[in-house]
1. So which residues in region 216-234 are closer than 16 Å to residue 286 by Cβ and among the hydroxyl-bearing types (Ser, Thr, Tyr), if there are any at all?
2. Select from region 185-201 the residues that are among the β-branched types (Val, Ile, Thr) and farther than 10 Å from residue 235 by Cα and list them in ascending order.
3. I'd like the full set of residues that are hydrophobic (A, V, I, L, M, F, W, C) and closer than 15 Å to residue 152 by Cα, limited to region 213-242.
4. Does residue 295 count as assigned to a helix (DSSP H, G or I) and more than 20 Å from residue 369 (Cα to Cα)?
5. Of these, 127, 189, which one is under 20 Å from the mean Cα position of the chain (by Cα), surrounded by 23 or more Cβ atoms within 10 Å (Cβ to Cβ), modelled with pLDDT of 75 or more and part of a helix (DSSP H, G or I)?
6. Looking at region 370-384 only, could you name the residues that are among the hydrophobic types (A, V, I, L, M, F, W, C) and closer than 16 Å to residue 396 by Cβ?
7. Identify all residues within region 327-343 that are closer than 13 Å to residue 317 by Cα and not in a loop (DSSP other than H, G, I, E, B); write none if there are none.
8. Given (1) of a type in the set (Val, Ile, Thr); (2) at pLDDT 95 or above; (3) surrounded by fewer than 20 Cβ atoms within 10 Å (Cβ to Cβ), where does residue 359 come up short, assuming only one miss?
Amino acid sequence: MRPQRGPPRAAPPQTVKQLLKELRQQQSGEGARLSGLAVPAPRPTDGATWPRPHLVSPKPCGVPPVSPPSSPVGAHGEGAHGLEGFQAAATPGPAWTHSPMPGGEFGPPPMGRETSDPDLDPRELAVARAALWGQDPWELLRQDDEGDTLLHVLCAGGLRAPARAAAEALRNLGGLEMREHLGKTPLLVAAAAAAPGIVRDLLVLGANPDAADHRGRTALHLAAAYGHPEILQAMMSSGIPVNVEARNFEGQTPLHCAVLAHNASLQGGTTPSGGPVGGFPTPTLQDRLRCVELLLHMGADSSSQDTKSSLTALHLAVRGSNLALAHLLLRQPGAAPRLVNMKAHGNTPLHMAAALRGTPSQEPLVRLLLAWGADPSARNLEHDLPQGLLPPGPPGDQLRLLLRSRRGSRRSPPPRPSDVIGAGSPEYGSGTPPYGGIPHHVSFS
């Protein structure tokens with residue numbers, strides 16, 4: 001049960017309308033045209049809940065979109081007092097523990113980061129602070145009938161300067177960890193809404209990076225499932241350590257979620273988390289591939305097995321006929337020897353490749369796994385060899401001969417590229433990929 005802070009939740013919903021109105025008034029008083037401070041208008045309903053902006057994704061945030069404003073919201077008296085003890089500068093977190101990657105920005109941000117961040121206008125931040133810091137802090141902590149606070153609303157709308165100011169005001173009052181009705185903290189809402197600047201600000205201000213919603217999903221899970229590599233990059237650049245092996249209630253790590261999302265996009269379907277929604281561009285295959293790469297760089301263990309079916313990321317990639325991801329996972333340093341023959345309920349990745357029933361990726365996947373040391377003599381719980389799962393007909397017969405020829409042979413390091421993938425295969429056209437690289441004929445966008 002969510003602990004109550006300050007006044008009861010039965011507070012008049014007009015409170016947030018008043019605060020948003022005051023933001024507009026303060027902005028106007030400063031005489032600056034700051035489009036980033038545009039605030040949501042009340043929904044044209046019975047007025048029982050707070051106003052909300054148009055969201056990127058209603059499902060992860062639990063907040064429906066609304067129409068643009070048509071009339072001013074209610075007025076609120078000017079705040080007569082400031083809040084004591086709130087600091088403008090963020091406290092930097094501990095240094096990131098992994099090595100920098102090209103184009104990345106690691107390590108804790110300097111003090112006064114907002115003054116040098118090109119995506120955060122210091123004038124906007126000053127206006128937002130002036131409007132919000134004059135409020136009673138308990139007013140800012142009020143929740144609507146869906147559990148959203150003002151900070152949730154601002155995060156969902158991607159309004160960085162007001163969200164930063166509200167987070168600074170509430171950081172010592174538990175406001176960064178308050179949850180809406182789906183269990184999302186403001187950080188989780190910002191991650192689902194693809195607001196990397198807000199994610200970074202909240203982490204630096206002290207938000208729990210491993211907070212999970214009612215489905216056990218952390219910010220990493222949401223970024224991976226929705227295809228938001230910019231969220232992963234923001235978390236890395238914040239310098240705050242995060243648990244890359246956290247499990248959702250399906251027993252999956254963020255890497256599992258990223259592979260499943262890439263599989264779904266490759267097959268032209270929706271993601272396991274609900275898929276693309278209106279108001280936000282559909283993530284490309286390159287976005288989803290980038291999520292996998294970033295998670296691996298952050299230290300995600302490719303041999304982690306989900307707790308329900310014992311599947312590794314490689315099992316999932318092979319089951320999804322995803323040659324590109326299988327290639328990426330196997331060429332991670334030191335990954336192949338411990339990954340290629342792991343079993344999920346008795347089945348190795350080679351068993352799964354053999355059971356693909358003649359898909360275009362089947363032969364390249366079988367050859368790839370064999371090249372990295374897959375054991376064709378391994379048996380599953382039904383005592384089946386991989387060759388026994390191959391489909392009937394000429395394609396299956398050809399692979400059956402290949403597997404039989406490898407049984408009992410001494411495994412050696414991966415051979416030349418021409419031995420890994422047959423020339424003229426559907427995935428590679430007439431050429432072969434550079435050794436250890438992603439095939440150039442595979443398109444990710």
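1. Residue satisfying the conditions is 226 alone.
2. 185, 189, 198
3. Answer for region 213-242, where residues must be hydrophobic (A, V, I, L, M, F, W, C) and closer than 15 Å to residue 152 by Cα: just 219.
4. Here the answer is yes, as residue 295 does meet what is asked.
5. So the residue among 127, 189 that is under 20 Å from the mean Cα position of the chain (by Cα), surrounded by 23 or more Cβ atoms within 10 Å (Cβ to Cβ), modelled with pLDDT of 75 or more and part of a helix (DSSP H, G or I) is 189.
6. Passing the criteria: only 370.
7. 327, 328, 329, 330, 339
8. Among (1) of a type in the set (Val, Ile, Thr); (2) at pLDDT 95 or above; (3) surrounded by fewer than 20 Cβ atoms within 10 Å (Cβ to Cβ), residue 359 violates only (2).
The values are calculated or read from the model by the stated rules, or taken from the named source; none is laboratory data. If you're wondering where the values come from, they're calculated on a predicted model, not measured in any experiment. Ideal geometry is used to build each Cβ from the backbone, glycine not excepted, and the neighbour counts take in all protein chains shown.
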